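These notes are about the structure you will find just below.
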Amino acid sequence: MTVVEPDRAPPASSQGEGEARPTTTTVHASWRGARRYEIGRPGGPAVSIDAAGETGLGPVDTMLGALAACSAIDVVDYLAKRRTPADRVDVRVDAERRGSAPRRLVRARLEFAIDGSGIESAHAERAIALSFQTYCSVSASLAHDLVIESRLVLNGVAGEVVAQRGEAS
């Protein structure tokens with residue numbers, strides 16, 4: 001299966017100065033037997049997806065991992081630009097899914113464990129908020145009624161849970 005999803009943007013003739021042109025992405029999924037697939041860009045690296053969870057992550061776990069990685073990339077970049085680079089960033093995602101089909105996500109809680117000297121809590125929290133409000137393509141691509149919450153654990157000190165979108169907890 002090949003999925004090509006152009007970004008939704010007005011035609012180039014109606015775009016204002018400085019607006020980025022739409023881009024496309026192609027991903028290929030090849031069935032490897034049972035409930036297993038190998039996915040990747042043509043000619044690029046591949047990832048194993050296994051709906052049974054035996055030889056790889058399932059599709060929803062893969063999506064949650066992509067959400068964690070996408071937002072963490074933004075946070076690491078933001079902190080580096082502030083000249084307070086992180087020494088460690090780990091993101092744990094706990095999610096809830098509907099009980100019946102389609103068993104889509106209804107809530108995701110991300111815990112950002114960040115270590116690094118000179119990082120102020122307000123700056124790390126701002127980095128997380130900006131990721132979900134502006135930069136994280138994965139988050140922006142998920143259903144708009146999915147509640148996303150985050151918690152910062154900075155140098156071992158846990159902060160409050162913050163609703164990044166959707167209802168507060």
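Every read-out reported here was derived from the displayed coordinates using simple, explicitly stated rules and does not represent laboratory data. Nothing here was measured: the structure is a model prediction, and the numbers come from that model. Neighbour counts are summed over all protein chains in view; Cβ atoms, including those assigned to glycine, are modelled from backbone coordinates with ideal geometry.
For the chain, would you read off the P(r) tail past 26 Å as a percentage of all alpha carbon pairs? The share of Cα pairs beyond 26 Å in the chain comes to 41 percent.
In loop segments of region 107-169 as defined by DSSP, the GluC sites (Glu not before Pro) with at most 15 further C-beta atoms inside 10 Å of their C-beta are E120, E167.
Can you give the Kirkwood hydrodynamic radius for region 66-108, in Å, rounded to one decimal and based on Cα pairs? Result for region 66-108, one decimal place: 12.3 Å.
Look at the alpha carbon pairs under 8 Å that are at least 6 residues apart: their mean separation over the length of region 65-169 gives a relative contact order of 27 percent. For R151, neighbours were defined as the other residues whose beta-carbon sits under 11 Å from its Cβ, and their charges (Lys and Arg +1, Asp and Glu -1) total -3.
Under the convention that each Lys and Arg Cβ holds +1 and each Asp and Glu Cβ holds -1, the size of the dipole of the chain around its Cα centre is about 360 debye. GNM on the chain, alpha-carbon springs under 10 angstrom: the most fluctuating residue among S150, S48, S100 is S100.
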